[in-house]
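The block underneath contains the structure these notes are about, expressed in structure tokens.
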């Protein structure tokens, strides 16, 4: 079972992602947070396999959450899911330690494959960032 933590300041986004993931076999949402401070602390405590992390949140932004999670829970693969242009933020996310950067518009069709790729590459030691649109 792949454990997933959701960090997004919009509850509707968290609900929609949970609904999408609930339909998938072997994926389980183990926690969620609506701000970056809570997300960083809860992921440090729970150590999920995957963090799906919004870029823009109160408290700490998604880049800082990614940095902190990579230190406190290095086995957690981070997927940054944002509405912001990947040409501007994907490289910053990569430097912070994200596995991939995705725009929210592509989440319905690309999120589950990105989670499975993160888990597969994590098992094989490859954490290369990809940009999803």
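The values are calculated or read from the model by the stated rules, or taken from the named source; none is laboratory data. All values reported here derive from a predicted model rather than from experimental measurement. Backbone-built Cβ (ideal geometry, glycine too); neighbour counts: all protein chains shown.
Residue 20 meets the conditions (1) crowded, with 21+ Cβ neighbours inside 10 Å; (2) assigned to a helix (DSSP H, G or I); (3) modelled with pLDDT under 95 in every case but one. The failed one is (1). Against the definition (assigned to a loop (DSSP other than H, G, I, E, B) and buried (at least 20 other Cβ atoms within 10 Å of the Cβ)), how does residue 55 come out, yes or no? Considered against the rule, which asks whether it is assigned to a loop (DSSP other than H, G, I, E, B) and buried (at least 20 other Cβ atoms within 10 Å of the Cβ), residue 55 comes out as yes.
When residue 105 is tested against (1) surrounded by fewer than 24 Cβ atoms within 10 Å (Cβ to Cβ); (2) outside any helix (DSSP H, G or I); (3) on the phi < 0 side of the Ramachandran plot, exactly one condition is not met: (2).
Just checking, which of 32, 64 is surrounded by fewer than 17 Cβ atoms within 10 Å (Cβ to Cβ), outside any loop (DSSP other than H, G, I, E, B), in contact (Cβ under 8 Å) with a residue 12 or more places away in the chain and under 13 Å from the mean Cα position of the chain (by Cα)? None of the others qualify; the one that does is 64. Scoring residue 69 on the criteria (1) farther than 17 Å from residue 29 by Cβ; (2) assigned to a helix (DSSP H, G or I); (3) touching a helix residue (DSSP H, G or I) at 6+ places or on another chain (Cβ under 8 Å); (4) at pLDDT 95 or above leaves a single failure, condition (1).
With respect to the conditions (1) in a helix (DSSP H, G or I); (2) in contact with a helix residue (DSSP H, G or I) (Cβ under 7 Å, 6 or more places away or on another chain), residue 95 falls short on a single one, namely (2).
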